[in-house]
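The block underneath contains the structure these notes are about, expressed in structure tokens.
Please treat every number below as a calculation from the coordinates, not as lab data. These numbers were taken from a predicted model, which means no experiment stands behind them. All Cβ positions, glycine included, derive from the backbone under ideal geometry; neighbour counts span all protein chains shown.
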Amino acid sequence: MAELKKMDCQIVIKTPAEKFYNTFRTKSHLIPKMSNGLMIDGKLLQGDWNTVGCVRLWSYVSEGKSEMVKEILENVDDENKTMVLKMVEGQILNYYKSWRSIFNITPMGEGSLVKWTMEFEKQNENIPDPDKYTSYMMCLTKNIDAYLLDA
């Protein structure tokens, strides 16, 4: 039986924690515009953009290839600036039986510490760790930080 694994990545950014968190929390529909080409499009399929249980479909580019993922906003903790996203469809599930992304942001000086935790279960033992997705999340975070600093 496959085991649930965790992988973390984190980055210090210059955008204040409240502003960066609110971008994901209340303006996620604008992420494609802020991503500098990494996120192609986002569509709301069910609920509204900011409500737990909403279903969103994202088109994105990873390692030069177009991919898509359907996610459910599973949990939100505004006090601790944390969101949990469960992936329910897309190329990522060709390799992983289950996938959750946990986004957390903590104030750090004038900027923030952004932490992404991926919880996943591999389809089989030959599947590599999801390094390409951690790299993607770091690039996306940097691009949105740069956009917000220029705004």
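Rounded is the label for the stretch 3-76, because the ratio a/c of its alpha-carbon gyration tensor axes (a ≥ b ≥ c) stays below 1.5. Loop by DSSP (not H, G, I, E, B), at most 14 other beta-carbon atoms within 10 Å: where is the longest site-free stretch of the chain for GluC sites (Glu not before Pro)? Here the longest run is 4-62. Angle check, please: helix 131-150 long axis (alpha carbons) against the longest principal axis of the chain (alpha carbons), in degrees 0 to 90, nearest 10. Result, in degrees: 20. Under the combined filter of DSSP loop state and at most 10 neighbouring Cβ atoms within 10 Å, the stretch 68-145 retains none of its trypsin sites (Lys or Arg not before Pro).
In degrees, nearest 10, range 0 to 90: what is the angle between the Cα axis of helix 17-26 and the longest Cα principal axis of the chain? With both axes taken from Cα atoms, the answer is about 60 degrees. Using the rule -39500 (n - 2.57) for each DSSP H run of four or more residues, divided by the residues of the chain, the 222 nm mean residue ellipticity is -7000 deg cm²/dmol.
The calculated Kirkwood hydrodynamic radius for the stretch 7-142 is 15.2 Å, given to one decimal from all distinct C-alpha pairs.
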